[in-house]
Ligand SMILES: Cc1cc2nc3c(=O)[nH]c(=O)nc-3n(C[C@H](O)[C@H](O)[C@H](O)COP(=O)(O)OP(=O)(O)OC[C@H]3O[C@@H](n4cnc5c(N)ncnc54)[C@H](O)[C@@H]3O)c2cc1C
């Protein structure tokens, strides 16, 4: 068994990486530049996005249960509601509300801080995982030929006021998110940096927490109002979260950033294409200030293409691919990344590769397979805004958009189509589910019956 693994970053990818590394290494150290909350789930500055909506998709929820049996029950005990995506959410497309019906697409919405709190609590109970807090990784330690990463250089004070200057390990996992410095550090050691694909539709978020009114009569646990590219860039999601609270996130694409001042925020909510969210929150009691967030571009670093890569190092999470967050894929991809790390480590060690000399290539390749469909979804609407930068979709992507355009009007009448869309969006089915013969049959019938109309009149339901 290899002795020691280091994880850079203690957010979702880092925590889940630590969970699986603890199965294969004698001990695991998570190095995090922030101090973690100790009394209750709390915001920390290394994860600024945690002020905003954080939906764990159905696939992610399933994986969390595999990593931490009883995870869902723990969230429930802490007050997170159970929400049937197709029954309890009012999903509002530009042409109207999509049908509501019971399904197995169940999620447990809660604040991001609560998810991290529960995950970290589980890891603290594992005897071979240590957290080194208030400590920043400033570089790798490498061997004389720079062929292998041997550990990391550290800066900071450590949780107890003393911080070692270096830490050695058999494997270093970079889970430091969008600000990962691996590309830069690779170049400084004479390696090529990975190719980067960036698609930016300049999406901004603004969020606020409200007390759910005690006498609230509305028949939903969430409302999602979709934007309509290229005409209306404004969207929003209102979700019930733990503690009988609502989290409202306003979203603007194409630089239509939602304001963070009191009146501007409410005015943006009022201007949405449907009044349900505004009517619900306008007299509700705010429990927080309004937080804004930009920096939401899709960024894919293609580590799988690199011919040379140091041994003893892998990269995962947002540091490999960060998505436009509208589809809520990041934490689920982090969980899928941890699953891929577990599989590739298991195979490498079973093949006798105790030095993990051949880990990075199969791991990054596996990660890449998870990212492809998620990238397609995340960038799909981005390319419809004229101000988006980052190239043009290829012909296959354009073809799939065209197909989605044809299918979306059906989501206003067919529960089967809604379920297929949401199963794909929740990553429990592959995009091929949208080509199921029954769906193709419905499409054929509706195309024959439908008078010619703009295919973008309606929108597919989606998480926001
Ligand atoms: C506005 C917004 C909304 C989102 N909504 C959703 C959603 O609904 N559902 C969903 O699944 N995902 C969502 N995401 C994505 C999700 O937040 C991320 O995918 C998820 O946090 C996993 O990221 P990560 O762990 O790879 O990196 P991050 O979350 O960025 O964490 C990186 C960690 O590394 C630490 N770190 C960085 N550098 C160093 C260093 N040198 N030394 C030590 N520590 C370091 C940081 O302090 C931080 O703790 C959203 C993102 C944004 C921006």
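Laboratory data are not the source of any read-out in this text; all were calculated from the coordinates shown. Keep in mind it's a predicted model, so treat the numbers as computed, not measured. We place every Cβ from the backbone using ideal geometry, glycine too, and count neighbours over all the protein chains shown.
Here are some notes:
- The ranking of 117, 239 from fewest to most other beta carbons within 10 Å of each one's beta carbon is 117, 239.
- The P(r) of the chain has a tail past 33 Å containing 37 percent of all C-alpha pairs.
- Geometric descriptor of region 393-445, per residue, is 81 Å³ (volume of the convex hull of the Cα atoms).
- Gain upon complete extension [residue 216, residue 369; 0.36 nm per residue less C-alpha separation]: 50.7 nm
- Relative to the dominant Cα principal axis of the chain, helix 330-350 is inclined by about 40°.
- Taking label points 7 Å from Cα along the Cα-to-Cβ direction, residue 349 and residue 40 give a separation of 3.9 nm.
- Under the criterion of Cα pairs below 8 Å and six or more residues apart, the relative contact order for the chain equals 20 percent.
- Taking 268, 67 and counting other C-beta atoms within 10 Å, the order from fewest to most: 67, 268
- Relative to the current alpha-carbon distance between residue 428 and residue 402, full extension at 0.36 nm per residue lengthens the span by 7.1 nm.
- With respect to the chain, whose longest principal axis is taken over its alpha-carbon atoms, helix 112-124 is tilted by about 30°.
- Compared with the alpha-carbon gap, the fully stretched path from residue 376 to residue 3 is longer by 130.4 nm at 0.36 nm per residue.
- Ascending count of other beta-carbon atoms within 10 Å, so fewest first, for 448, 241, 424: 448, 424, 241
- Pairwise FRET efficiency - residue 267 versus residue 307, Cβ, R0 = 45 Å, nearest 0.05: 0.25
- For the chain, adding -39500 (n - 2.57) for each run of n ≥ 4 DSSP H residues and dividing by the number of residues yields -10000 deg cm²/dmol at 222 nm.
- Calculated on alpha-carbon atoms, Rg and Dmax of region 235-367 in Å: 21.3, 64
- Förster-model FRET efficiency, 35 Å R0, residue 84 and residue 146, C-beta, rounded to 0.05: 0.10
- Mean Cα-pair separation over length for region 10-83, i.e. relative contact order, pairs under 8 Å, 6 or more apart, %: 19 percent
- All alpha carbon pair distances within region 127-277 were sorted into 5 Å bins beginning at 0; the resulting P(r) in whole percents reads 2, 7, 12, 13, 10, 8, 9, 11, 12, 9, 5, 2, 0, 0.
- Share, in percent, of DSSP beta bridges within the chain that are antiparallel, nearest 5: 70 percent
- Binned Cα-Cα distances of region 350-440, short to long, each 10 Å bin given as a whole percent: 13, 36, 27, 14, 9, 1
- Cα gyration tensor shape of region 3-64, rounded if a/c is under 1.5, else prolate or oblate by comparing a/b with b/c: oblate
- Contact order relative to length of region 395-457, as percent, for alpha carbon pairs under 8 angstrom and 6 or more apart: 37 percent
- Tilt relative to the chain, helix 395-407 - C-alpha long axis, 0 to 90 degrees, to 10: 40 degrees
- Note on region 202-293: Cα Rg divided by 2.2 N^0.38 Å, N the number of residues, gives 1.01.
- In this simple spin-label model, placing a label point 7 Å from the Cα along the Cα-to-Cβ direction at both residue 188 and residue 392 gives a separation of 4.0 nm.
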